[in-house]
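Peer 1: Next up is a structure, given as structure tokens.
Every read-out reported here was derived from the displayed coordinates using simple, explicitly stated rules and does not represent laboratory data. Treat the numbers as computed from the prediction; the structure is a model and nothing was measured. Cβ coordinates were reconstructed from backbone atoms using ideal geometry, including for glycine residues, and neighbour counts include every protein chain displayed.
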Ligand SMILES: NC(=O)c1ccc[n+]([C@@H]2O[C@H](COP(=O)([O-])OP(=O)(O)OC[C@H]3O[C@@H](n4cnc5c(N)ncnc54)[C@H](OP(=O)(O)O)[C@@H]3O)[C@@H](O)[C@H]2O)c1
């Protein structure tokens, strides 16, 4: 559907991106039917990505005009340890949802990632060839391909999503919890990326859907910076003690999954399609600080 509101099935409405999408679509007059998995959110419908008949039934019963798949296995380390599960949740489930969408005339929207790339030549454009270096990245690429192969398929690629999310584990919430408690935090100084404010991402997805966009579209904040630089900025804006930050190389963290180092995404296509909806980190962080009561 292009222009005007309809009904959106939001799979993963309990997550950080899902919550932002739910707010953006509802504020624009869309009817939102959201799902959750392990969260206790009584207003959301329970749906397990591993239950293929349930996925098909949800699409058939809700009969949406758009289905946003914001659910997935998002822990990169866990994906590396359990690649078959990552494939089932991040690739097979979206493929099932996309084929169910085709049957009811709904457009599928996938949440993809800069982890499609190896991080040797970022920031990346939509047309750059993917080369994932982790199980998470491979599973996300497969899920994206399945959705893009479906009629009207849209894949929104994003990264380092942050927001004020009490109880959440996004990078800025980790900074608030760790530095706020006076504990030290090791932060990679060699991972460059595009920090993305979740409410802007939700709004971008809503606008892309209403514009009838298809194919891959990068939707990230407009600045590329390394994780330590982002942490320093966040500490300054949030009034945290930046001397508790220890810059390290990614290799020193001893992680199981490889990370794309010189990454980040370019947003010229997004700007052409929906305009300057993504705020730079200083502005997103200032809003987090206000919501956190820290300024
Ligand atoms: N956050 C980022 O920086 C980032 C970057 C790039 C791409 N993405 C992509 O954006 C999407 C959303 O990420 P997010 O940050 O919002 O993640 P999140 O906060 O971890 O939320 C994950 C969502 O997936 C749901 N979920 C997990 N396992 C499920 C299962 N077996 N069945 C059904 N639902 C399940 C969760 O439901 P419950 O909580 O109710 O269990 C939750 O709604 C993901 O596809 C992720 O790959 C995120």
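Peer 1: With the contact rule set at Cα under 8 Å and sequence spacing of 6 or more, what percent relative contact order holds for the chain?
Peer 2: 20 percent
Peer 1: Another question, then. List the relative contact order of region 1-134 as a percent without decimals, with contacts defined as Cα pairs under 8 Å and 6+ residues apart.
Peer 2: 23 percent.
Peer 1: If you line up the long axis of helix 227-238 against the longest principal axis of the chain, both from Cα atoms, how many degrees apart are they, to the nearest 10?
Peer 2: Around 80 degrees separate the two axes.
Peer 1: Compute the acute angle (0 to 90°) between the alpha-carbon long axis of helix 281-291 and the principal axis of greatest extent of the alpha-carbon atoms of the chain; round to the nearest 10°.
Peer 2: 90 degrees
Peer 1: Would you mind telling me the antiparallel percentage of the DSSP bridges in the chain, rounded to 5? The partial results should precede the final answer.
Peer 2: Working: 2 of 33 bridges.
Rounded to the nearest five, the antiparallel share is 5 percent.
Peer 1: Also, I was wondering about something else. Percent of alpha carbon pairs in region 166-295 separated by more than 18 Å?
Peer 2: 58 percent
Peer 1: Follow-up. Using a Förster radius of 41 Å, what is the FRET efficiency between residue 23 and residue 85 based on their Cβ-Cβ separation? Nearest 0.05, please.
Peer 2: My answer for the efficiency is 0.90.
Peer 1: Looking at the chain as a GNM with Cα springs under 10 Å, which of 181, 146, 219 has the largest mean-square fluctuation?
Peer 2: Highest fluctuation of the listed residues: 181.
Peer 1: Beyond 35 Å, what share of the Cα-Cα pairs of the chain remains, rounded to the nearest whole percent?
Peer 2: Details: 5934 of 43365 pairs.
In whole percent, the long-distance tail amounts to 14.
Peer 1: Still on this structure, please answer the following. Rank 15, 153, 29 by mean-square fluctuation in a GNM of the chain with C-alpha springs under 10 angstrom and give only the top-ranked residue.
Peer 2: 29
Peer 1: Which order do 99, 193, 243 fall in if you start with the one that has the fewest other Cβ atoms within 10 Å?
Peer 2: So the residues, fewest neighbours to most, are 243, 99, 193.
Peer 1: Under the 0.36 nm per residue contour assumption, what length would be gained going from the current alpha-carbon distance of residue 78 and residue 57 to full extension?
Peer 2: Working: separation 21, 0.36 × 21 = 7.56 nm, distance 2.85 nm.
Fully extending the segment from residue 78 to residue 57 adds 4.7 nm.
Peer 1: Could you work out how far helix 198-210 tilts from the main Cα principal axis of the chain, as a 0 to 90 degree angle to the nearest 10?
Peer 2: 30 degrees
Peer 1: Using Cβ counts within 10 Å as a stand-in for footprinting exposure, how do 267, 205, 133 rank, fewest first?
Peer 2: Result, fewest neighbours first: 133, 267, 205.
Peer 1: May I ask you to compute the full-extension gain from residue 290 to residue 121, defined as 0.36 nm times their residue separation minus their alpha-carbon distance, rounded to one decimal in nm?
Peer 2: Value of the extension gain: 57.3 nm.
Peer 1: If you build a Gaussian network model of the chain, linking Cα atoms that sit under 10 Å apart, which residue out of 282, 257, 40 swings the most?
Peer 2: 40
Peer 1: Can I ask one more? If neighbour count is taken as other Cβ atoms inside 10 Å, put 185, 278, 169 in order from fewest to most.
Peer 2: Going from least to most buried by this count: 169, 185, 278.
Peer 1: Could you grab the Rg to Rh ratio for region 218-271? Cα atoms only, Kirkwood for Rh. Before the final figure, lay out each step's value.
Peer 2: Working: Rg = 14.0 Å, Rh = 13.4 Å.
A ratio of 1.04.
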